[in-house]
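The values are calculated or read from the model by the stated rules, or taken from the named source; none is laboratory data. These numbers were taken from a predicted model, which means no experiment stands behind them. For neighbour counting, all protein chains shown are included, and Cβ atoms are generated from backbone atoms with ideal geometry for every residue, glycine included.
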Amino acid sequence: MKKLLRIVLTGVAALVALVLAGLLTTTIVNTAASASEASRIEDYGQRVTVDGKHMNVLVEGDGEQTIVLLPGFGTGSPALDFSPLIAELSPMYRVVAVEPFGYGLSDQTDVPRTTSHIVDEVHEAVQGLGIDEYVLMGHSIAGIYALEYVERFRDEVTAFVGIDSSVPGQPGMDANLPVDAMRAAKALGITRVVTAMAGDPYADLPYDQATREQLGMISLRNTSSSTYSDEMSRIAANFRDARGKTFPADLPVLLFVQADNPTVEGWLPLHEEQAASVDRGEVVPLDADHYLHHTKSPEIAAAVERFLGR
């Protein structure tokens, strides 16, 4: 019996040692790779001073109307991720892709990632560019932030365009997310391993090889950063704060929505309800995944031009 126990304990000790050795290896590799990638990330856009820090924005096109683009949560590099849509819109509009703190090439911040603070910072960046009238266009969670943004700066925003944008009351947004576990996974190099095993999410999409490489490096750098993690921890609270909020009735609202979203019950009807709450609202269902602009940018740009031109 003692011999069997000794064998079991030896096996457990060997397994623990193997796991620890593996984690030590992934941690060392991740640290070295992160340092190497930091020197290979290429600059783009321009910096705007916001709250004493630097927020990165990309401005393309010189049309009379301005569109301010806001990303969904966790988009590593919004300016690069939006590039297919920017390419379609910039011949007609001035397009401003804002990278909030913790995104893209913008600084990190220790200011809590509440909707109010995020709105303050984005607005300060837009004001820093001298822009005082614009269409607000946002992907995913930007739809929640946009409700407060328009509420506070209605005199500047001429319309809202949602790209599969979040809406108050959507189910599943009250869950406690594993923020600490994700931060630990990144520090131990596990996030890098999982990302590599998952493959390139931008493969077979309209991005060249160099852009895909930049997107991968910037995403790994920003994922589970302090700013990212704080925003993630406040998603449920930010959704609770948005309950009952609607856009002003006189604000034109155009919503591009997944025609079939199997992960959120009632996704399309929720957007139809939001569009119906304003005098001029329209829903455009698209057969694509959540990042509609990855594959449907021409359709989005054409519908935006039609909607804004009326």
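A count restricted to segment 49-91 and to residues that are surrounded by 17 or more Cβ atoms within 10 Å (Cβ to Cβ), out of contact with any Asp or Glu (no Cβ under 8 Å at 6 or more places or on another chain) and β-branched (Val, Ile, Thr) stands at 3. Among the residues of segment 273-310, those that are within 16 Å of Gly169 (Cβ to Cβ) and loosely packed, with under 15 Cβ neighbours inside 10 Å comprise Ala276, Ser277. Has segment 5-15 got at least one residue that is exposed (fewer than 14 other Cβ atoms within 10 Å of the Cβ), modelled with pLDDT under 95, among the hydroxyl-bearing types (Ser, Thr, Tyr) and more than 21 Å from Val135 (Cβ to Cβ)? For segment 5-15, residues exposed (fewer than 14 other Cβ atoms within 10 Å of the Cβ), modelled with pLDDT under 95, among the hydroxyl-bearing types (Ser, Thr, Tyr) and more than 21 Å from Val135 (Cβ to Cβ): present. Is segment 195-208 home to any residue that is surrounded by 19 or more Cβ atoms within 10 Å (Cβ to Cβ), assigned to a helix (DSSP H, G or I) and of a type in the set (Val, Ile, Thr)? The answer is no, given that none of the residues of segment 195-208 is surrounded by 19 or more Cβ atoms within 10 Å (Cβ to Cβ), assigned to a helix (DSSP H, G or I) and of a type in the set (Val, Ile, Thr). Of the residues making up segment 184-194, those that are over 20 Å from the mean Cα position of the chain (by Cα), touching a residue at least 60 places away in the same chain (Cβ under 8 Å) and not in a loop (DSSP other than H, G, I, E, B) are Ala187, Ile190, Val193. Under the condition of being touching a residue at least 40 places away in the same chain (Cβ under 8 Å), of a type in the set (A, V, I, L, M, F, W, C) and closer than 23 Å to Ala237 by Cβ, the residues counted in segment 132-167 number 9.
Output yes when any residue across segment 160-177 is at pLDDT 95 or above, assigned to a helix (DSSP H, G or I) and under 18 Å from the mean Cα position of the chain (by Cα), and no when none is. No, the conditions are met nowhere in segment 160-177. Going by what's in this entry, would Arg154 be described as within 20 Å of Gly281 (Cβ to Cβ) and part of a loop (DSSP other than H, G, I, E, B)? So Arg154 passes the test. Within segment 209-232, being crowded, with 16+ Cβ neighbours inside 10 Å and among the small types (Gly, Ala, Ser) holds for Gly216, Ser219, Ser224, Ser225, Ser229. The helices (runs of 4 or more DSSP H) falling completely within segment 240-310 include none with 1 or more residues that are touching a Gly at 6+ places or on another chain (Cβ under 8 Å) and over 19 Å from Ile141 (Cβ atoms).
Say we look at segment 111-149 and pick out the residues that are outside any helix (DSSP H, G or I) and β-branched (Val, Ile, Thr); which of these is nearest to the chain's Cα centre (by Cα)?
Going residue by residue through segment 111-149, those that are outside any helix (DSSP H, G or I) are 111-114, 129-141.
From the residues that got through so far, the ones that are β-branched (Val, Ile, Thr) too are 111, 114, 131, 135, 141.
Numbers: Val111: 18, Thr114: 15, Ile131: 23, Val135: 18, Ile141: 7 Å.
Residue satisfying both the conditions and the ranking: Ile141.
Residues that are within 15 Å of the chain's Cα centre (by Cα), of a type in the set (D, E, K, R) and farther than 15 Å from Tyr291 by Cβ do not occur anywhere in segment 198-220.
For segment 182-194, which residues satisfy the criterion of being over 11 Å from Leu220 (Cα atoms), crowded, with 18+ Cβ neighbours inside 10 Å and modelled with pLDDT under 80? Selection gives Ala185 alone.
Any chance segment 263-279 includes a residue that's under 16 Å from Phe160 (Cβ atoms), among the acidic types (Asp, Glu) and in contact with a Phe, Trp or Tyr (Cβ under 8 Å, 6 or more places away or on another chain)? For segment 263-279, residues under 16 Å from Phe160 (Cβ atoms), among the acidic types (Asp, Glu) and in contact with a Phe, Trp or Tyr (Cβ under 8 Å, 6 or more places away or on another chain): absent. A single member of Val150, Val96, Val157, Val135 is touching a Leu at 6+ places or on another chain (Cβ under 7 Å) and crowded, with 23+ Cβ neighbours inside 10 Å, and it is Val96.
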